[in-house]
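**Student:** Questions regarding the structure given below will be posed in turn.
The values are calculated or read from the model by the stated rules, or taken from the named source; none is laboratory data. In this text the structure is predicted, and so the values were computed from the model without any measurement. Note that we place each Cβ from the backbone using ideal geometry, even for glycine, and neighbour counts take in every protein chain shown.
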Protein chains: 6
Amino acid sequence: MSSDIRRPSGRAFDQSREVRITRDYTRHAEGSVLVEFGDTKVICTASVEAGVPRWLRGKRQGWVTAEYGMLPRATHTRSGREAARGKQGGRTLEIQRLIGRSLRAAVNLKKLGEFTITVDCDVIQADGGTRTASITGGCVALVDAIRHLQREKLISSDPFKQLISSISVGLYKGLPVVDLDYPEDSSADTDMNVVLSESGEMIEVQGTAESGSFKREQLNAMLDLADKAGAELFAHQREALGFCK
Amino acid sequence: MSSDIRRPSGRAFDQSREVRITRDYTRHAEGSVLVEFGDTKVICTASVEAGVPRWLRGKRQGWVTAEYGMLPRATHTRSGREAARGKQGGRTLEIQRLIGRSLRAAVNLKKLGEFTITVDCDVIQADGGTRTASITGGCVALVDAIRHLQREKLISSDPFKQLISSISVGLYKGLPVVDLDYPEDSSADTDMNVVLSESGEMIEVQGTAESGSFKREQLNAMLDLADKAGAELFAHQREALGFCK
Amino acid sequence: MSSDIRRPSGRAFDQSREVRITRDYTRHAEGSVLVEFGDTKVICTASVEAGVPRWLRGKRQGWVTAEYGMLPRATHTRSGREAARGKQGGRTLEIQRLIGRSLRAAVNLKKLGEFTITVDCDVIQADGGTRTASITGGCVALVDAIRHLQREKLISSDPFKQLISSISVGLYKGLPVVDLDYPEDSSADTDMNVVLSESGEMIEVQGTAESGSFKREQLNAMLDLADKAGAELFAHQREALGFCK
Amino acid sequence: MSSDIRRPSGRAFDQSREVRITRDYTRHAEGSVLVEFGDTKVICTASVEAGVPRWLRGKRQGWVTAEYGMLPRATHTRSGREAARGKQGGRTLEIQRLIGRSLRAAVNLKKLGEFTITVDCDVIQADGGTRTASITGGCVALVDAIRHLQREKLISSDPFKQLISSISVGLYKGLPVVDLDYPEDSSADTDMNVVLSESGEMIEVQGTAESGSFKREQLNAMLDLADKAGAELFAHQREALGFCK
Amino acid sequence: MSSDIRRPSGRAFDQSREVRITRDYTRHAEGSVLVEFGDTKVICTASVEAGVPRWLRGKRQGWVTAEYGMLPRATHTRSGREAARGKQGGRTLEIQRLIGRSLRAAVNLKKLGEFTITVDCDVIQADGGTRTASITGGCVALVDAIRHLQREKLISSDPFKQLISSISVGLYKGLPVVDLDYPEDSSADTDMNVVLSESGEMIEVQGTAESGSFKREQLNAMLDLADKAGAELFAHQREALGFCK
Amino acid sequence: MSSDIRRPSGRAFDQSREVRITRDYTRHAEGSVLVEFGDTKVICTASVEAGVPRWLRGKRQGWVTAEYGMLPRATHTRSGREAARGKQGGRTLEIQRLIGRSLRAAVNLKKLGEFTITVDCDVIQADGGTRTASITGGCVALVDAIRHLQREKLISSDPFKQLISSISVGLYKGLPVVDLDYPEDSSADTDMNVVLSESGEMIEVQGTAESGSFKREQLNAMLDLADKAGAELFAHQREALGFCK
């Protein structure tokens, strides 16, 4: 049945876009990564600051948070600069909350000590999947920031728990596909973002039927695609970080 | 294994809280519902206004949107009034975007004509599950607003497609439970909100591992609980609306 | 002369609407009251917090303040949510300042100790007189919050001074009337809100000639109506609070 | 009884401060007045603009509105600039709403045509009574703006109805006094602002018991003082405007 | 060549407008000056507050900063009140940053001790050159505030370094002119603001070609005019301050 | 005298950093340039939109404007995201106003027709000179956007007037230097940004004595350095754009 449906990109249904993870992309941040999922390009920087937010003071733990932004012309048409409009939109807040929650799963906050690591994900070119690229690249920047803390002997134990990556899956003309680009994303029936741990378990699942609805077996088929793509992403992260296998 | 784990409320693992749906709760709105999931109480009003947002003008369709708020002392400790702080927080925006997307699945926007229905969900007492109660009650208010449009002969065809309801499920001490109240919600390992159509398909799934992660079989076990609870919610909605079976 | 003028509601000129004061309306607040002046319904919660605003620190006294809001569809047509617009309007600020000043007259701030009591007045249905209902109901919630502080032995002496209530009076087609509902309020020549102490003295008087002006004898006639209505309100408050006569 | 109470300024109880009204104070505005009540100095400019606010369009009438501000160092200690803080405070909004309502009583809006007159009242030095000085001086600026419209033949009939002035009265150590300056205002038991028409009727009364309460006979005694002071203010306005007696 | 070009005001090309500097213009501020450059009138107040901004704490120095505003009708047409719009515009921020930087050149911040002096420049009437008048008048207010600190023995050494003044120059129909008023400013080819020290050196130069561009010899010709005008301004400042020559 | 003063970078006093201009850096914008002045890296995109701002409607001309931003970790320490703080700071507004004015000198707005070109300059790595790099790179992006309009036959005549570039000069330990990097910029006595036209004339000059002041001959020495560096920048721009010499 699926034989006569083609993805706009010509990719196979289970084929992710090319992934590139470039570390040390900018000079100042403790972790700085350019992550590319095809034409989606995001600069992820991890910044270490001493101290924690007010509501965590004295609790002998650290904090990991994220902020997300898009350059105004990362997209096909220019969107107004959020700084000029005076507030971050709902979509931005929703995404940065997702990134922050996901990256906290990579870290043992107790072992982080009273430091805050802020991961800024700034999209310089968007073609679908900016939040999944941000989580995947942001995790690499986060590891670099943790390594910086250890190298500088600011912490003694290792707060790194596990790699976290994220991929989108969806139903395109009724069939499950992985890593939707913008043309697919804007016409997909269902769009789902999955955040995974290296052990293959789920950290977060957010699936939305843009039109219609989806059944349990479709959900599971999409999650199968996400599992496979996640394994590839972890390999990219490990290679970028020089982790021995 | 689960025999020695008890929910704080004493409820069975697959037992939802008592649901009450009171229509015509306030006088002015085209649809006005007080929805109660146990001690969680939300006023949902659906307001009809002629016209659509700027970006939909001339497209011969209507729009359904939602706004969400909490009275400052709906919760255990008073939280600052968002109007006084000068902006809606990220959690608020995330929730109202979810409610809006979910309720649009109940409506054929083309048949709605150039009307906007705004569903305001204001929590007067919170005990977990405010967003799921908002969607479930909001859908009833939305149906009343649509009926108003038809009764007033402002539209000729029926834009109502299907009832939508929503329930939370989660992993509490490792076991799947349904309809988490605040004590469970604040200590659950995983929290998932599921939005369902009457046919039992999913409109939206948002699951978060607050600590750790969750496996595929746990996900499916939680969704089984959601399916069962959803069927009960649809019965409550139908009874409140006086739908013949 | 007045024989041929009828109030829209059919009430006598000196007849207030039915008043209902329901204590313990919601669960979490130290004081929680639903107050109804006819179809005007306001939830008043009094929240106790340790500490005082910065400008009172070290002055060995407490503080009582109020915030006011309307659910978007409390009114005939939906008004924009202030949280979404990013600021409280002038009318809102004016009303909540009035409520706060009025309620402070009920309390000996020195005896309150370094606690702040915030009275939130949220209108769920509006039909004129929302500020007078807020003051009248808010005072009952305030008393409950003070009793909570005493019961919990957080303060030793009693900061409660006197009950405060409030009623609107006005000139409708030239004749003095009490407790204006929305149809009267929107067409009254003069509208006056009076805040009273139990001894029958005035705490605050705010009278506005919406069109034309008013004479001294009209003012005094309106105040006579307020005195009579105030006595009834104090009886309602005392009964709700279970005060012995 | 009052013989041994002296006002801080040494004025008699019924003695207002010296009033000066300087027209054409700045060059650009259609009406520009410097009004001085003793050491309180306010620049009142009336600006004419074609058109009316959106909600009045097509109603064949004009609009009169007011804005109020204080230079940061008009007061004893510097207060933050509202433009820098990003919003007008509640006191500012309350005052400018009062000024606007009061000045609209001077004008027949129907005869004004579709023009908006904005009266800006900017306090350059504050010593109590800034809102009463603003109304009194603002009315003179408003008359000049109306005369400008007539002189330029932009309107044919005369929208000016009557002069409006305003004075504060209060209870100082229990005794009624008129035109409170800052030392009196900050220690008065009761503070009342009265807005009057030339015929001696009241447009607005706002009385607040800062501590304690006030009785009916005290209210009437204060209003007697306001009547007498109002007559003086109207004489000042008429003289400044060159009105024949 | 210049013989047939006349300035709109009839002034000679090197002729500044009449300058008036009135000290002690308002009562409360430690320094208060009304400065007039022809029809441009600015109230400059210097306010002393104990303490320094957070980022200077513990650095054993003081701070001088400036804020700038315009009354809404200081200009030909009314411009919206920045406090009402909820933010200061870019022009305002640019000007107040310039004033602050310029005035800091008048003071030895180390000798000022941990005090902050805020110079508020509020334009009550604008006719070109508001920023240059603000700097020139603001410096006199600043000196008065420093003298206050010394007189009150709050500081022991003298932080005053030098007088600072400012003048605009420009190219009007191709020819260099000094102290542009509004008609010149709005049609000038080039507009330049120069901030000078008493020794004739430059503190700040900001030149903009509104249309076209300017050559080096034109720049130097304009700066020659600024030098001459600056000498006159310093004489005005010294005379106002009663400095012996 | 200068023989024993060395720049931190080891560069000669008249030596600019390496300049790289990469066109077509991102995909969506009509003009997209990565400009590098040494370690300062700015993405400049030029976006074409039909229509002009309200105040230009009907004037038969176009508009060119600029916005400026820094990624939070473009700098040594993370600075708060302006979108999250809810407003653009004074420095940002000052810079983007400068960029906009400068770039308008490159264009004949009458020939642009009713189009708006917005040049977004987003700093991804900062090491001094971000505003001069933004102008220099932004001009190239602007030319590409103009060529797009011509290629798409949206305009018939050529609105491009001239190339514009910008360079910083300053006094470092008393000696004139060109193209200051961050270490120089933060310790320079005087800092000046010069915007030049290809003919060698000045479009804008902004010089500030951070400490002390500067003399006329120093100003002219700095401008000599700017002239020389400007010639190099124009060569870089022309080469990047493929202009024949």
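**Student:** Please work out which residue is nearest to the chain's Cα centre (by Cα), limiting yourself to the stretch B:57-80 and to residues that are over 24 Å from B:S32 (Cα atoms) and of a type in the set (K, R).
**Tutor:** At the first step, the residues of the stretch B:57-80 found to be over 24 Å from B:S32 (Cα atoms) are B:57-60, B:76-80.
Subset that is of a type in the set (K, R): B:57, B:59-60, B:78.
Working: B:R57: 28, B:K59: 28, B:R60: 27, B:R78: 23 Å.
Of everything passing the filter in the stretch B:57-80, B:R78 is nearest to the chain's Cα centre (by Cα).
**Student:** Quick test for you: out of D:R85, D:R81, pick the one residue that is touching a strand residue (DSSP E or B) at 6+ places or on another chain (Cβ under 9 Å) and under 30 Å from F:G90 (Cα atoms).
**Tutor:** So the residue among D:R85, D:R81 that is touching a strand residue (DSSP E or B) at 6+ places or on another chain (Cβ under 9 Å) and under 30 Å from F:G90 (Cα atoms) is D:R81.
**Student:** Here are the criteria: (1) surrounded by fewer than 20 Cβ atoms within 10 Å (Cβ to Cβ); (2) in a loop (DSSP other than H, G, I, E, B); (3) in contact (Cβ under 8 Å) with a residue 40 or more places away in the chain. Tell me which single one F:G10 does not satisfy.
**Tutor:** Every condition holds for F:G10 apart from (3).
**Student:** Moving on. Could you list all residues from the stretch F:102-123 that are crowded, with 24+ Cβ neighbours inside 10 Å, aliphatic (A, V, I, L, M) and within 13 Å of chain A (Cβ to nearest Cβ)?
**Tutor:** Matches in the stretch F:102-123: F:I117, F:V119.
**Student:** Right, another one. Given the condition under 25 Å from F:H148 (Cβ atoms), surrounded by 22 or more Cβ atoms within 10 Å (Cβ to Cβ), of a type outside the set (S, T, N, Q) and at the interface with chain A (Cβ under 7 Å from one of its Cβ atoms), answer yes or no: does some residue in the stretch F:83-91 qualify?
**Tutor:** Step one: of the stretch F:83-91, the residues under 25 Å from F:H148 (Cβ atoms) are none.
Scanning the stretch F:83-91, I find no residue that is under 25 Å from F:H148 (Cβ atoms), surrounded by 22 or more Cβ atoms within 10 Å (Cβ to Cβ), of a type outside the set (S, T, N, Q) and at the interface with chain A (Cβ under 7 Å from one of its Cβ atoms), so the answer is no.
**Student:** What is the number of the single condition among (1) on the phi > 0 side of the Ramachandran plot; (2) of a type outside the set (V, I, T); (3) more than 13 Å from chain B (Cβ to nearest Cβ); (4) touching a Lys or Arg at 6+ places or on another chain (Cβ under 7 Å) that C:G129 does not meet?
**Tutor:** Status for C:G129: all satisfied but (4).
**Student:** If you don't mind, there's one more thing I want to ask. Within the stretch F:38-55, is there a residue that is under 19 Å from the mean Cα position of the chain (by Cα), surrounded by fewer than 20 Cβ atoms within 10 Å (Cβ to Cβ) and farther than 30 Å from E:Q96 by Cβ?
**Tutor:** yes
**Student:** Also, quick follow-up: Out of the stretch C:21-78, which residues are closer than 21 Å to C:H148 by Cβ, facing chain B (nearest Cβ under 10 Å) and assigned to a loop (DSSP other than H, G, I, E, B)?
**Tutor:** Within the stretch C:21-78, C:Y25, C:T26, C:R27, C:H28, C:A29, C:E30 qualify.
**Student:** Suppose the filter is touching a Leu at 6+ places or on another chain (Cβ under 6 Å), in contact (Cβ under 8 Å) with a residue 24 or more places away in the chain and within 14 Å of chain B (Cβ to nearest Cβ); does A:S165 pass it?
**Tutor:** Spelling it out, A:S165 is indeed touching a Leu at 6+ places or on another chain (Cβ under 6 Å), in contact (Cβ under 8 Å) with a residue 24 or more places away in the chain and within 14 Å of chain B (Cβ to nearest Cβ).
**Student:** Identify, please: which residue in the stretch F:169-194 is closer than 20 Å to F:D127 by Cβ and among the hydrophobic types (A, V, I, L, M, F, W, C) and is, among those, nearest to the other protein chains (Cβ to nearest Cβ)?
**Tutor:** It comes out as F:M192.
**Student:** Please state which of the following conditions E:I99 fails to meet, knowing it meets all the rest: (1) more than 8 Å from every other protein chain (Cβ to nearest Cβ); (2) assigned to a strand (DSSP E or B).
**Tutor:** (2)
**Student:** Follow-up question, since we're still on this one. Counting only residues that are of a type in the set (G, A, S) and at pLDDT below 95, how many does the stretch D:47-67 have? Walk me through how you get there before you give the answer.
**Tutor:** So in the stretch D:47-67, the residues of a type in the set (G, A, S) come out as D:47, D:50-51, D:58, D:62, D:66.
Those left that are additionally at pLDDT below 95: D:58.
Qualifying residue count, the stretch D:47-67: 1.
**Student:** When you check D:D179 against the structure, is it surrounded by 23 or more Cβ atoms within 10 Å (Cβ to Cβ), farther than 25 Å from D:G113 by Cα and of a type in the set (D, E, K, R), yes or no?
**Tutor:** Judged against the criteria, D:D179 is a match.
**Student:** Looking at the stretch A:71-78, is at least one residue among the hydrophobic types (A, V, I, L, M, F, W, C) and either loosely packed, with under 14 Cβ neighbours inside 10 Å or at pLDDT 95 or above (or both)?
**Tutor:** So far as the stretch A:71-78 goes, yes, one or more of its residues are among the hydrophobic types (A, V, I, L, M, F, W, C) and either loosely packed, with under 14 Cβ neighbours inside 10 Å or at pLDDT 95 or above (or both).
**Student:** Give, as residue ranges, the strands (runs of 3 or more DSSP E) completely inside the stretch B:138-222 that count at least 1 residues that are within 30 Å of B:R60 (Cβ to Cβ).
**Tutor:** B:164-172, B:190-197, B:202-209
**Student:** Tell me whether the stretch F:226-245 contains one or more residues that are in a helix (DSSP H, G or I), surrounded by fewer than 21 Cβ atoms within 10 Å (Cβ to Cβ), without any contact (Cβ under 8 Å) to a residue 60 or more places away in the chain and aliphatic (A, V, I, L, M).
**Tutor:** yes
**Student:** For the subset of the stretch A:195-220 comprising residues that are of a type in the set (D, E, K, R) and closer than 14 Å to A:L171 by Cβ, which member is farthest from the other protein chains (Cβ to nearest Cβ)?
**Tutor:** Checked the stretch A:195-220; the qualifying residue farthest from the other protein chains (Cβ to nearest Cβ) is A:E217.
**Student:** Search the stretch C:97-121 for residues that are on the phi > 0 side of the Ramachandran plot and pair each with any residue that is assigned to a loop (DSSP other than H, G, I, E, B) and at pLDDT 95 or above when their beta-carbon atoms are under 6 Å apart and the residues are at least 6 apart or on different chains.
**Tutor:** C:G113/C:G62; C:G113/C:I155
**Student:** While we're looking at this one, here's another question. Taking into account only those residues within the stretch E:190-210 that are over 23 Å from E:Q237 (Cβ atoms) and in contact with a Ser or Thr (Cβ under 6 Å, 6 or more places away or on another chain), which is surrounded by the fewest Cβ atoms within 10 Å (Cβ to Cβ)?
**Tutor:** Once the filter is applied, the top-ranked residue is E:D191.
**Student:** Right, another one. What's the number of the only condition in (1) within 19 Å of A:Y182 (Cβ to Cβ); (2) more than 8 Å from every other protein chain (Cβ to nearest Cβ); (3) of a type outside the set (S, T, Y); (4) more than 22 Å from the chain's Cα centre (by Cα) that A:Q15 fails to meet?
**Tutor:** Condition not satisfied by A:Q15: (4).
**Student:** Anything in the stretch F:185-236 that is of a type in the set (S, T, N, Q), within 19 Å of F:F37 (Cβ to Cβ) and at pLDDT below 95? List them, or say none. If you could, list the steps in order and put the result at the bottom.
**Tutor:** Step one: filter the stretch F:185-236 for residues of a type in the set (S, T, N, Q), giving F:186-187, F:190, F:193, F:197, F:199, F:206, F:208, F:211, F:213, F:218, F:220.
If we keep only those that are within 19 Å of F:F37 (Cβ to Cβ) as well, we get F:186-187, F:193, F:206.
Across the stretch F:185-236, the qualifying residues are F:S186, F:S187.
**Student:** Taking B:S156, is it in contact with a Cys (Cβ under 7 Å, 6 or more places away or on another chain), of a type in the set (S, T, N, Q) and more than 10 Å from every other protein chain (Cβ to nearest Cβ)? Before the answer, list the steps.
**Tutor:** Working: in contact with a Cys (Cβ under 7 Å, 6 or more places away or on another chain): no; of a type in the set (S, T, N, Q): yes; more than 10 Å from every other protein chain (Cβ to nearest Cβ): yes.
For B:S156, the condition - in contact with a Cys (Cβ under 7 Å, 6 or more places away or on another chain), of a type in the set (S, T, N, Q) and more than 10 Å from every other protein chain (Cβ to nearest Cβ) - is not met.
**Student:** Hey, another quick one. Check D:L223, D:L233 and return the single one that is in contact with a helix residue (DSSP H, G or I) (Cβ under 7 Å, 6 or more places away or on another chain), facing chain C (nearest Cβ under 10 Å) and of a type outside the set (F, W, Y). Show your work before the answer.
**Tutor:** Details: D:L233 fails: facing chain C (nearest Cβ under 10 Å).
Among D:L223, D:L233, only D:L223 is in contact with a helix residue (DSSP H, G or I) (Cβ under 7 Å, 6 or more places away or on another chain), facing chain C (nearest Cβ under 10 Å) and of a type outside the set (F, W, Y).
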